[in-house]
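The values are calculated or read from the model by the stated rules, or taken from the named source; none is laboratory data. If you're wondering where the values come from, they're calculated on a predicted model, not measured in any experiment. All Cβ positions, even for glycine, are placed from backbone atoms using ideal geometry, and neighbour counts span all protein chains on display.
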Amino acid sequence: MKPTPETLQRLKEIVGEKGFVADERDMAPYLVERRELYKGRAAAVLRPANTEEVSAIMKLAHETGLHVVPQGGNTGLVGGQVPDATGEEIVLSLARMKRIRAVDAENNTLTVDAGVTLAEAQEAAREADRLFPLSLASEGSCQIGGNLATNAGGTQVLRYGNARDLVLGLEVVLANGDIWNGLTGLRKDNTGYDLRHLFMGSEGTLGIITGAVLKLFPRPRAVSTAFAAVPSVEAAVKLLRVADGLSGGNVTTFELVPRIGVEFVTRHLEGASDPLPVLPSGPSPWYVLIEMTAGTETARLDETMEAALAEGLETGLVSDAAIAQSETQRDDFRRLRESLSDVQRAEGGSIKHDVSVPVSRMAEFIARATKAVSERLPGIRPVPFGHIGDGNVHFNLSQPVEMDKGEFLALWSEMNGIVHGIVREMGGSISAEHGVGQLKRDEIAATKSPVEIGMMRALKQALDPKGILNPGKVV
């Protein structure tokens with residue numbers, strides 16, 4: 001239902017001049033996602049300054065039947081934060097809610113507003129000599145509320161878990177405007193349903209996260225980073241077990257990088273270079289970025305890394321490797337991995353897949369999926385990379401060199417069907433860390449059982465009976 005002029009005026013009175021955006025040019029950045037797969041329209045963009053204003057907005061929306069699309073830093077990749085094309089919805093941006101509410105170093109907690117960026121939360125933790133370990137390529141612009149609403153993953157899930165594992169309490173505004181204050185710093189509270197987990201990963205369809213109590217950890221005193229060439233994905237998985245065993249579980253990051261990914265980065269990213277020399281036998285087909293952290297001296301951790309790589313060399317799991325000797329070299333290794341997604345744009349169309357399978361079956365998945373898409377479209381260039389340590393691979397597909405970009409992207413759904421079909425056969429997930437949004441909503445029915453879908457719809461009906469929160473997303 002399109003908001004009336006009276007409703008828009010009431011919304012403007014709630015958020016004030018600074019919080020009300022209705023000019024089409026000013027609204028434009030809020031209405032399209034970064035890959036431009038989804039573009040929408042909106043009656044207005046609201047930028048509340050605090051939880052009370054969010055509550056007032058939702059009370060009015062509940063009263064009038066107004067549809068509300070919550071939005072964090074607009075870095076999502078499945079269209080969950082974008083309004084539809086009707087122009088009747090409003091976008092509710094949390095960007096002005098920027099308070100660091102409390103830092104409790106003794107309790108290892110950080111309490112923040114939802115609009116605090118991930119980088120700002122990390123910095124607040126550092127200032128308290130602590131670590132907030134969630135780490136994403138978009139951390140300078142993504143926001144904590146969005147991270148939690150989508151249960152973000154990132155490069156350190158192997159050691160610390162997904163976003164939902166890093167939260168002790170939430171503050172949430174419900175569809176009717178009620179505020180649930182669950183901002184507890186307790187690690188043990190066995191008094192009934194753990195309500196916070198309803199909202200993390202719900203993509204704003206059950207409530208709007210406005211604040212969170214985040215878990216902090218001791219800040220690592222030592223970091224060792226290596227870039228290693230491996231002959232196969234099977235070898236990479238075995239090397240992970242060697243490194244994790246020798247380090248006593250101190251492997252924080254273990255990222256798979258294909259040769260084609262290294263070539264894309266060195267071709268298109270200014271200042272990037274190949275971390276390892278190409279051997280006379282030719283370039284390695286695969287690489288891994290390995291990072292260990294601990295409270296010990298860096299020299300001792302480097303010794304552990306050296307021991308893991310030495311065992312890999314002796315057993316044929318590693319053909320060459322380099323351990324970062326400076327922060328600059330460490331950053332170069334990391335930047336190569338973090339740039340993999342962006343540089344694919346320079347190679348034309350890219351069809352994305354964010355999937356997970358058991359780590360033990362990662363090599364089988366990549367081989368099967370590569371064979372299947374190549375048979376369907378000879379010349380297609382698979383670029384599988386990502387968080388092999390936790391079973392999450394971004395199985396992206398770059399277009400054949402001579403193919404028209406539009407013609408290639410028209411195969412998006414067909415390629416998704418091929419890849420996701422293999423994922424389902426292997427007991428995996430078609431969305432490991434990016435969420436469902438609009439992109440994968442219609443595939444959920446084929447992935448989850450009728451019982452699961454029924455439970456999800458029952459939760460939606462119970463918490464949002466009028467269906468006004470982020471309609472058309474997830475379920």
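Filtering the range 411-433 to residues that are assigned to a loop (DSSP other than H, G, I, E, B), over 22 Å from residue 76 (Cα atoms) and of a type in the set (Gly, Ala, Ser) leaves only 427.
Residue 76 falls short of the stated requirement of being outside the structural domain of residue 129 (by TED's automatic domain parsing), at positive phi and not charged (D, E, K, R).
When 401, 436 are checked against the criterion of being outside any strand (DSSP E or B), among the hydrophobic types (A, V, I, L, M, F, W, C) and either in contact with an Asp or Glu (Cβ under 8 Å, 6 or more places away or on another chain) or assigned by TED's automatic domain parsing to the domain that holds residue 33 (or both), a single residue qualifies: 436. Number of residues in the range 271-280 that are in contact (Cβ under 8 Å) with a residue 12 or more places away in the chain and over 25 Å from the mean Cα position of the chain (by Cα) equals 6.
Being within 19 Å of the chain's Cα centre (by Cα) and part of a loop (DSSP other than H, G, I, E, B) is true of residue 140. The criterion of at least 2 residues that are closer than 26 Å to residue 430 by Cα and out of contact with any Phe, Trp or Tyr (no Cβ under 8 Å at 6 or more places or on another chain) is met, among strands (runs of 3 or more DSSP E) falling completely within the range 3-105, by 68-71.
Among the residues examined, residue 111 qualifies as closer than 29 Å to residue 468 by Cβ, in contact (Cβ under 8 Å) with a residue 24 or more places away in the chain and polar (S, T, N, Q). Looking across the range 159-217, the residues that are in a loop (DSSP other than H, G, I, E, B), touching a strand residue (DSSP E or B) at 6+ places or on another chain (Cβ under 7 Å) and under 26 Å from residue 387 (Cα atoms) come down to 200, 204, 216. Restricting attention to the range 33-80, the residues that are more than 19 Å from residue 1 (Cβ to Cβ) and within 22 Å of the chain's Cα centre (by Cα) add up to 17. Exactly one residue out of 427, 467, 437 is at pLDDT below 95 and surrounded by 14 or more Cβ atoms within 10 Å (Cβ to Cβ): that is 437. Quick check, is residue 348 touching a residue at least 24 places away in the same chain (Cβ under 8 Å), over 23 Å from residue 277 (Cα atoms) and among the small types (Gly, Ala, Ser)? Taking the combined requirement at face value, the residue satisfies it. Entry remark, the range 385-398: residues being within 17 Å of residue 334 (Cα to Cα), of a type outside the set (A, V, I, L, M, F, W, C) and part of a strand (DSSP E or B) number 3 in total. Name the residues in the range 282-334 that are within 26 Å of the chain's Cα centre (by Cα), touching a residue at least 60 places away in the same chain (Cβ under 8 Å) and in a strand (DSSP E or B), would you? Correct list: 287, 288, 289, 290, 291, 292, 293, 294.
Entry remark, the range 261-281: residues being surrounded by fewer than 18 Cβ atoms within 10 Å (Cβ to Cβ) and part of a helix (DSSP H, G or I) number 4 in total.
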